[in-house]
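Report on the following structure.
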Amino acid sequence: MNYRPLYLFSLLALLLAGCDSEQQERQQDIIAQEQATDAETNAENTQALIALYEAYLNDYPEDADNNPKYLYRKASLHYRMGDQAVATDLLQQALEQYPDSEVAPKVAYMLGGIYEEKLRDAASAQTVYQAMQQAYPEAKEAKKAAKQLPAGLQPLPGRLEELRQSIYKEGEAGINYRMANAYLNSAELHALLLPEEPNTPELLYRAGEIARAVRSFERAIALYQQLSEQHSSHEYASKALFMQAFTYDDDLNEYGRARALYEQFLERYPEDDFADDAQVLLDNLGKNEQEIIEQLTQPVSE
């Protein structure tokens, strides 16, 4: 992957964007350090530049013009240093927080490249490249991404369903954990790049089911929470909220969190099909099976 000198982007942004003197000075400091880092790329200059990006992002979270660019450049520095996990997190943060920024296609293309070249996760890379065709159809990066896709590749929705089905392949015992992880990555990336697609809520719910099946409970909760919060009017939103509570209750034994979510579910969806189940689970929260049986078999007092 090739990147233009970092300071050129910052210089242009500084000329175009008006800001107060202190904020402008901070941007000038970043430009100066970008120039120094491009002139002599070493650990000291790189770490100094990363520190400047981090400080600016923390101090000016409202700057939607510069922050996505700084996240992208910070990710580029970590990429060069071989910190692929950090770079991936930063790119996903940029896409989540600034989906409409002018650098979003660059961010997505770099993310796909990391999955393809560094993480050896072809399924996730293909999901990014396919989603880019819908998210940024006119961007040059989307056209570059299209060239990375194999000829005859199934359209994205069908490919993801096929990937999900492969987790429980007929004739094989148990779960294919490699395919499960690939599906979870792809579901999350689809939701990141195409949050408004009609199939995104169901995809998040199915991914939550898979995450629970492979005992990745925190990941399951995050998927259910994303669905219930970002797609609150969807038919799967109530199920997702119930499953957050149930996962805390049944899988993690975190009864305080489970109680709060069961109560939230009952308040929000009192007529839901799962309302009776939620009330029973709430009433018996933290009790073991024997305690529940004893309670049920106690004679009713007159």
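The values are calculated or read from the model by the stated rules, or taken from the named source; none is laboratory data. On a predicted model such as this, the values are computed, not experimentally measured, just so you know. Cβ placement follows ideal geometry from the backbone for every residue including glycine, while neighbour counts extend to all protein chains displayed.
Taking every residue in segment 24-43 that is touching a residue at least 24 places away in the same chain (Cβ under 8 Å) and surrounded by 14 or more Cβ atoms within 10 Å (Cβ to Cβ) and pairing it with any residue that is among the hydrophobic types (A, V, I, L, M, F, W, C) and outside any helix (DSSP H, G or I), at least 6 positions away or on another chain, the pairs with Cβ-Cβ distances below 8 Å are GLN27/CYS19.
For every residue, the table says whether it meets (1) modelled with pLDDT under 95; (2) of a type outside the set (D, E, K, R); (3) closer than 23 Å to PRO195 by Cα.
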site: ALA220; (1), (2), (3): no, yes, yes
site: LEU227; (1), (2), (3): no, yes, yes
site: LEU241; (1), (2), (3): no, yes, yes
site: ALA245; (1), (2), (3): no, yes, no
site: TYR248; (1), (2), (3): no, yes, no
site: GLU254; (1), (2), (3): no, no, no
site: ALA258; (1), (2), (3): no, yes, no
site: GLN264; (1), (2), (3): no, yes, no
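So which residues in segment 50-66 are free of Cβ contacts under 8 Å to residues at least 40 places away in the same chain and of a type outside the set (Asp, Glu), if there are any at all? Scanning segment 50-66 gives ILE50, ALA51, LEU52, TYR53, ALA55, TYR56, LEU57, ASN58, TYR60, PRO61, ALA64. Considering segment 183-211, the residues that are touching a residue at least 40 places away in the same chain (Cβ under 8 Å) and over 14 Å from the mean Cα position of the chain (by Cα) include one that is surrounded by the most Cβ atoms within 10 Å (Cβ to Cβ), namely ILE210. Being within 23 Å of ILE167 (Cα to Cα) and over 22 Å from the mean Cα position of the chain (by Cα): is that true of ASP277 here? So ASP277 does not fit the description; no. The single condition from (1) acidic (Asp, Glu); (2) surrounded by 15 or more Cβ atoms within 10 Å (Cβ to Cβ); (3) over 19 Å from the mean Cα position of the chain (by Cα) that GLU263 fails is (2).
If you check GLN165, GLN154 for being farther than 30 Å from ASP65 by Cα, at pLDDT 95 or above and of a type outside the set (Lys, Arg), only one passes: GLN154.
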